[in-house]
Amino acid sequence: MALLDVQNINAGYGETEILHSVSIQVNEGNLVAIIGPNGSGKSTLLKVIVGLLEAKKGNIEFMADSITNSSPQKIVELGISYVPQAENVFTNMTIKENLEIPSLVLKFNFKKRLEEILELFPILDTKMNTKAGTLSGGQRQTLAFAKALISKPSLMILDEPSAGLSPIMADSTFETIESINKSGVTILIVEQNAKKILSIADRGYVLATGENKIDDTGLNLLTNPDVGMLYLGGSN
Amino acid sequence: MNIKNYDYFWVIFIIALSALIIFGQPSLIINGLLLGFIYSLGAIGLTLVFGILRFGNFAQGDLMTLGGYISLTIVTVIFAGIGFTGSALGPFTFGLPIVLAIPLTMLLTSIIVVILDQLIYKRLRTRQASTMLISIASLGVAIMIRGLVQFLWGNEPEYFPRESKQFYMLPLDIRIPPDNVILGLMAVLMTLGVYLFLKYNKYGKFMRATANNPNLSLSTGINTSIVIMWTWIISGSLAAAGGTMLAVSQAQILPMTGWKILLPIFASVILGGIGKPIGALVGAIIIGISMEASTAWLNPTYKPAVAFTIMIAMLLVKPNGLFGEKD
Ligand SMILES: Nc1ncnc2c1ncn2[C@@H]1O[C@H](COP(=O)(O)OP(=O)(O)O)[C@@H](O)[C@H]1O
Ligand SMILES: [Mg+2]
């Protein structure tokens, strides 16, 4: 049974409907990728799942309980961590404060978890008291991951984590994502860099104009000529 | 030497201050400083509401007035009614009743603003009203509060019970009313309290997070309704304390007392950088000193004009204020 089961969701902004009956399943322990052209509704779908945007129709289940239109607070309490595409750290707060906030929300022991998370992301350790706004793009992304992971989520939802990063930083971001997943955290990720993500994803969904187009294993999608033509770019 | 644009502001301010101390009347500066501390109580609430709710609260001045009248009623009706009329303390014109009335008034006023938020601002927010509309609604609230004050207490000045006391006489012919020293000190302690709350308290951290990035704070699981409530509690209670202190230092209170300092506290907020509590404090000190010091040469009726000239100068040199970040 799926850890996250999104069934026939319709949603949009105001009167405009963006998602038309979109469904996805994420099995426990998997890394599931959503790819598709710009403006196809990928971010919108994530916002609906995490409770930032209302679902007009459909149902979302997490661990077999309905979480459709739950508050973002409830979603966080259930163990879902969301890293938005942009502005995903508190720029006016220190790195330490950024990492502490989830522990204040969920009331877990910050000190203990901080040590563990800093072992995973040692680069943050030397800058604990600097403002997050002064970090480089890659460091910010690392902080955003650390902030999402510190609460030991059972599902991590990432929106285009490689966007705006240099190719080297992007590669190390994908490595981080893969190792987070290997450590047992289920991941749902939206990614522009389809080739990279499909090569490590268990499953992938292609979304276009707010509709499900194709879904298959990551490797099958990589070799699927339709997907190649449409979304993986012509060359290579 | 590379002086950033806004550093000129400090240079000019410090030169002007030194000139005033040397050639002018140091008493005015010290009293202006103490007045600035009281203004800062209004300004910090204004800046916090702006930071979290993104609108300029035009009712802040009248909330201060309301706080002053509530204190007055606690002292002259309730305390006097039960026979609690302590005599003035030490060198001050006022006694224990006023000191005890302040925390009670802070509590009552914060309850009032939380109710106002539920009745008015929250409804506008859920209807996604523009911040402009919410600002205008707050102007309506301001007028409503003033009307209520006029209805309940009338248009004539009211007075706190007071005993006259000697001014402190310091070298350089500095004369300071002892009241202003203790009131200034109380204001500083309250400001410090807010600073510590924002820095170390759980909800203070949530407030800073929400001011910084409302969407991220929502998706991080922060309960933004509680954050908003705390914002109003701090803003309302500081306004109430500031209003009471203002009335005590002016020896009287009128329905227009708070409205008259709305403009200086707005100027303080803009000067320091909107949404920055430290900026509001520094802004209020500069505005307070400048307004008082100007009375050495100008008719006191020009005080608000002085505050506004400084504010406009700041907007021209550094639109985000002394402590504002550029973006
Ligand atoms: N806040 C918003 N208000 C109105 N329309 C929006 C908003 N955010 C996104 N959209 C629209 O929704 C559509 C899907 O956007 P999005 O989900 O961000 O696409 P993707 O993440 O796949 O690039 C786009 O047409 C976009 O213009
Ligand atoms: Mg997107």
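The values are calculated or read from the model by the stated rules, or taken from the named source; none is laboratory data. Keep in mind that what you see is a predicted model, and the values were worked out from it rather than measured. So basically every Cβ, Gly included, is an ideal-geometry build from the backbone, and we count neighbours across all protein chains shown. These area figures cover heavy atoms from the full protein model, side chains too; ligands, DNA and RNA do not enter into them. Shrake-Rupley method; radii C 1.70, N 1.55, O 1.52, S 1.80 Å.
Scan region B:246-263 and tell me whether some residue there is assigned to a helix (DSSP H, G or I), on the phi < 0 side of the Ramachandran plot, in contact with a strand residue (DSSP E or B) (Cβ under 8 Å, 6 or more places away or on another chain) and at pLDDT 95 or above.
No.
Can you pull out the residues in region B:173-189 that are open to solvent by 40 Å² or more (accessible area, probe 1.4 Å) and more than 20 Å from B:ALA88 (Cβ to Cβ)?
B:ASP173, B:VAL188, B:LEU189, listed by residue number.
Which ones in region A:175-196 are of a type in the set (A, V, I, L, M, F, W, C) and within 17 Å of A:LEU155 (Cα to Cα)?
Passing the criteria: A:ILE177, A:ILE180, A:VAL185, A:ILE187, A:LEU188, A:ILE189, A:VAL190.
Can you name the residue in region A:1-51 that is open to solvent by 50 Å² or more (accessible area, probe 1.4 Å) and within 11 Å of ligand 2 (Cβ to nearest atom) and is also nearest to A:ILE67 (Cα to Cα) among such residues? It would help to see each step written out before you state the result.
Filtering region A:1-51 for residues open to solvent by 50 Å² or more (accessible area, probe 1.4 Å) gives A:1, A:7-8, A:13-17, A:20-21, A:25, A:27-28, A:37-39, A:47.
Keeping just the survivors that are within 11 Å of ligand 2 (Cβ to nearest atom) gives A:37-39, A:47.
Values: A:PRO37: 27, A:ASN38: 27, A:GLY39: 25, A:LYS47: 13 Å.
Among those that are open to solvent by 50 Å² or more (accessible area, probe 1.4 Å) and within 11 Å of ligand 2 (Cβ to nearest atom), it is A:LYS47.
Give the residues of region B:207-247 that are open to solvent by less than 10 Å² (accessible area, probe 1.4 Å), of a type in the set (A, V, I, L, M, F, W, C) and either more than 10 Å from chain A (Cβ to nearest Cβ) or in contact with a helix residue (DSSP H, G or I) (Cβ under 6 Å, 6 or more places away or on another chain) (or both), sorted by residue number.
Across region B:207-247, the qualifying residues are B:MET207, B:ALA209, B:ILE222, B:VAL227, B:TRP232, B:LEU238, B:ALA239, B:ALA240, B:ALA241, B:MET245, B:LEU246, B:ALA247.
What is the residue count in region A:20-45 for residues that are more than 8 Å from ligand 1 (Cβ to nearest atom) and either at negative phi or in a loop (DSSP other than H, G, I, E, B) (or both)?
Filtering region A:20-45 for residues more than 8 Å from ligand 1 (Cβ to nearest atom) gives A:20-35.
Pick out the ones that are also either at negative phi or in a loop (DSSP other than H, G, I, E, B) (or both) and you get A:20, A:22-35.
Here the count works out to 15.
If the Cβ limit is 6 Å and pairs must be 6+ apart or interchain, which residue in region A:104-118 that is more than 14 Å from chain B (Cβ to nearest Cβ) pairs with which residue that is part of a helix (DSSP H, G or I)?
Taking only residues 6 or more apart or on different chains, the pairs are A:ILE117/A:ALA146; A:LEU118/A:ASP125.
Working carefully through the options A:THR91, A:THR68, find the one that is part of a loop (DSSP other than H, G, I, E, B), modelled with pLDDT of 95 or more and closer than 21 Å to A:LEU149 by Cα.
Details: A:THR68 fails: closer than 21 Å to A:LEU149 by Cα.
Testing whether each residue is part of a loop (DSSP other than H, G, I, E, B), modelled with pLDDT of 95 or more and closer than 21 Å to A:LEU149 by Cα leaves just A:THR91.
Quick one: which residue in A:LYS131, A:LYS147, A:LYS182 is touching a residue at least 40 places away in the same chain (Cβ under 8 Å), within 19 Å of the chain's Cα centre (by Cα) and more than 16 Å from ligand 1 (Cβ to nearest atom)?
Values: A:LYS131 fails: within 19 Å of the chain's Cα centre (by Cα); A:LYS182 fails: touching a residue at least 40 places away in the same chain (Cβ under 8 Å).
Only one candidate qualifies: A:LYS147.
Select from region A:79-97 the residues that are within 10 Å of chain B (Cβ to nearest Cβ), away from ligand 1 (no atom under 16 Å from the Cβ) and within 18 Å of the chain's Cα centre (by Cα) and list them in ascending order.
A:ILE80, A:SER81, A:VAL89, A:PHE90
Mind counting the residues in region B:145-155 that are in contact (Cβ under 8 Å) with a residue 60 or more places away in the chain and open to solvent by 60 Å² or more (accessible area, probe 1.4 Å)?
Counting residues in region B:145-155 that are in contact (Cβ under 8 Å) with a residue 60 or more places away in the chain and open to solvent by 60 Å² or more (accessible area, probe 1.4 Å) gives 4.
Within 16 Å of ligand 2 (Cβ to nearest atom), touching a helix residue (DSSP H, G or I) at 6+ places or on another chain (Cβ under 7 Å) and over 30 Å from B:PRO277 (Cβ atoms) - does that describe any residue in region A:79-87?
Yes, some residue in region A:79-87 is within 16 Å of ligand 2 (Cβ to nearest atom), touching a helix residue (DSSP H, G or I) at 6+ places or on another chain (Cβ under 7 Å) and over 30 Å from B:PRO277 (Cβ atoms).
Hey, does region B:270-277 have a residue that's within 14 Å of the chain's Cα centre (by Cα), under 30 Å from A:LEU52 (Cα atoms), within 14 Å of chain A (Cβ to nearest Cβ) and among the charged types (D, E, K, R)?
Scanning region B:270-277, I find at least one residue that is within 14 Å of the chain's Cα centre (by Cα), under 30 Å from A:LEU52 (Cα atoms), within 14 Å of chain A (Cβ to nearest Cβ) and among the charged types (D, E, K, R), so the answer is yes.
Going through region A:178-192 one residue at a time, which ones are buried (at least 20 other Cβ atoms within 10 Å of the Cβ) and within 16 Å of ligand 2 (Cβ to nearest atom)?
Result: A:LEU188, A:ILE189, A:VAL190, A:GLU191.
If you go through region A:67-77, how many residues are at the interface with chain B (Cβ under 10 Å from one of its Cβ atoms) and open to solvent by 60 Å² or more (accessible area, probe 1.4 Å)? Walk me through how you get there before you give the answer.
Filtering region A:67-77 for residues at the interface with chain B (Cβ under 10 Å from one of its Cβ atoms) gives A:71-77.
Retained after the next criterion (residues that are open to solvent by 60 Å² or more (accessible area, probe 1.4 Å)): A:74, A:77.
The qualifying residues number 2.
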